[in-house]
Each structure stands twice: as structure tokens, then as C-alpha cells.
Amino acid sequence: MDVSSTADAIRSMEIRGAGRIARAGASALRELAMSYSGDAEGFAAELDAAKRTLLDSRPTAVSLWNGVHAVLRGVRGCGDADAMRERVIANADAFIARSEAAVREISRIGAKRIQGGDVIVTHCNSSAAVGVLKEAHAQGKRFKVYATESRPWRQGLITANELADAGIDVTLIIDSAVRSVMKRADKVFVGADTVTSHGALVNKVGTSQVALAAREARVQFYVCAETYKFSPMTLFGDMVTIEERSREEVVKDGEVRPEVKIFNPVFDSTPAAYIDAIITEAGMISPGSVYQVMVESLGEEAFRVEGD
Ligand code: RI2
């Protein structure tokens, strides 16, 4: 898929999930490199425009930003167009492989936190969190999962189907039932769109309510996040932009009077204090260790990008 169709598919959520959009961005840049036949200067300009198009598609998940910058790293210093092309392709392949390997490693590490008989809550649809649950089940552990519906896109149905396909005992609940089931829960596993340098989690709207209910019920709250979901920009005080989407996603035409305003934020922020641990491919870390792990795994170059 080329850059503009990839950006369209990300914007319309045909391609969704923080990890998936990052890999899709990387492979669109790879495709651009494969098909480009002009000189180095023209290539640099095209890559720059492609970067903007991809980053403008959805604003919140830093995975896309980190993925795009990982692919473009070092390309400008390559000299001619052929060397630049090779660099983009090698970077894209490395990023995609690293991203897929990270989900497998998170699944392996996270599965150790699950015990037979556990009652687990998850929110929305995270491939990292689902990976943990599927791995624990594959290891023979038997547990129950409550999956929230996750209005308005209802990604919870994807989660419920994925878990049911794997043979896991799963119950779908509406979002507002989360506090009712939390009383019988042992653990929460959710994914991440962005983790800030001070350990706060930006994830699907409603995650902070799940965390609040978990804290009240003294239920452990785990975040499953590849380290490329850690945001270097937050270290310099940048705020994470919370995407807002259209009213049509919440109500159909004619369902409410036109003067009724609709607020449809896609993500929310859960403070570090509500998080027991973040399960990454580099290990299970406390929210307070995000900065150190971020520097080690993203590399210092990730902090030196200008103009974004
Ligand atoms: P993985 C999703 O966002 C959800 O918020 C989910 O928790 C997060 O991405 C991470 O997903 P959306 O694209 O990368 O559905 O773990 O808005 O798959």
C-alpha cells in the first residue's frame, strides 16, 4: 500500500491499533523507497512529504511517530539515492521485525503474571494484551476474561472473538459495567498508544476509569507496551494530543437534536500512580523507569529529531 492510501486507511481506522499503524507506516515508506527512481534531493523531499502525510493521519499514538522516524534515521547522510533507498528498506524491515518480536516477548513475560483461576479485565483491543492472554492460555493456564465493549468503535468485540477463538473463557461487558465486574477481578491487562516519560499511560478512552475501578478494588493494573510506544517528546514537556473524532461515530443522523453537542475523545490519560507495572519487551518495569528504558531502547537519536 502506498503512503497516501496507508494514511487514509489509518485515518479511517481500517488499519488500527498502535502497533499496527506503526508497522503500516514503516511499510508504506519502504514501498515508496522501492518505487522511487529520481535523484537524492527529490527522494529526500518525497520522504519528508510522506513523513508529514503519515504523521498527520492520527495524532495520539507515538508508535507511528517512532516507527516513521526509525525508518528515516540516517537516510539523509547516505549520499546517493540508491544508498538512501537501501537504508530506508533496511530500517523498515528492522523496525517491523522488532515490533513483531516485541509483541511475542511481551506475551512471554506477561503470561508469567497470570495464574490459573485468575479473573482478568481488558479494555478495547490491544494485540500486546491479547498476546499475553493467549500465551498464558497456551501454557495451560485457565482463567476468565471480561472484555469491555469499548464504544463507539466496539473494538472489544474483536478482543472477545480473538480470545474465544483461542479457547479462552471470555465475557463481553458494556463499558459502564466495568466497576461491577472489578469486584471479582484479580488483574487488568491493557495496551498502550503512548507512555509518557513520567510513566503515564495514554490509551483508549475509558482506560483511566478502568484503572480507577481497579485501584478502588485493589486489583493489579498492568500495561502491555512495546518500548516504541514510549514518547521522547514528553521528556521536553510536550503534551500528548488526544484525538477527537466525529459526532457520527457516536450518534446516527436524527438520533439527537442537531443542537446537542457531541464530545468524542478517543483516548485518555491514566496517571503513573494507578499502574502497577509496564510489561515491555525489555522486561517488566515500573512507571518510574520509563525514562531510563526509553533512552536505552529508542537510542539517543530518537531525542534529537527536530521540527516535529
Ligand atoms: P496494540 C488501540 O487504539 C487501543 O487503544 C489499544 O489499546 C492500543 O491501540 C494498542 O494496541 P485504536 O487504534 O498496539 O483502536 O497493543 O484507536 O495492538
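The values are calculated or read from the model by the stated rules, or taken from the named source; none is laboratory data. This one's a predicted model, so the numbers in the text were calculated from it and none came from an experiment. Neighbour counts run over all protein chains shown; Cβ positions are idealised from the backbone, glycine included. Quick note on the areas: whole protein, heavy atoms, side chains included, nothing else; ligands and nucleic acids left out. Shrake-Rupley method; radii C 1.70, N 1.55, O 1.52, S 1.80 Å.
Structure notes:
- Loop sites in the range 262-308: GluC sites (Glu not before Pro), DSSP, at most 15 other Cβ within 10 Å: GLU306
- Modelled this way, with points 7 Å down the Cα-to-C-beta line, the labels at ASP8 and ARG76 are 3.1 nm from one another.
- Whole-number percent relative contact order across the range 3-104, with pairs defined as alpha carbons under 8 Å at least 6 apart: 36
- Per-residue ellipticity at 222 nm computed for the chain from its helices equals -13500 deg cm²/dmol, with DSSP H segments shorter than 4 residues left out and the rest contributing -39,500 (n - 2.57).
- Packing-based ranking, highest mean first, of 107-119, 259-271 given that Cβ atoms within 10 Å are counted: 107-119, 259-271
- Summary of the geometry: the range 16-69 and the range 242-272, compared by the centres of their Cα atoms, lie 28 Å apart.
- The share of alpha-carbon pairs in the range 1-143 lying farther apart than 22 Å comes to 46%.
- Relative contact order (percent, whole number), the range 1-40, Cα cutoff 8 Å, 6+ residue spacing: 52
- Residue among VAL145, VAL295, VAL250 with the largest mean-square fluctuation in a Gaussian network model of the chain, springs linking Cα atoms under 10 Å: VAL250
- Rounded to 5, the percent of DSSP beta bridges in the range 132-233 classed as antiparallel: 15
- Residue separation of ARG179 and ASP165 scaled by 0.36 nm, minus their Cα-Cα distance, works out to 2.4 nm of gained length.
- If R0 is taken as 41 Å, the Cβ-Cβ distance between SER35 and PHE303 corresponds to a FRET efficiency of 0.85.
- Heavy-atom accessible surface of the chain: percent carbon and sulfur, 1.4 Å: 49
- Sequence-separation-based contact order of the range 106-298, relative, with Cα cut under 8 Å and 6+ spacing, percent: 23
- Note on the chain: along the principal axes its Cα atoms extend 62, 50, 38 Å, ordered by decreasing extent.
- Here the Debye sum runs over all C-alpha atoms of the range 101-170 as equal scatterers in vacuum, and log10 of I(q)/I(0) at q = 0.23 Å⁻¹ comes out as -0.96.
- If you look at the Cα atoms of the range 14-66, you get an Rg and a Dmax of 11.8, 35 Å.
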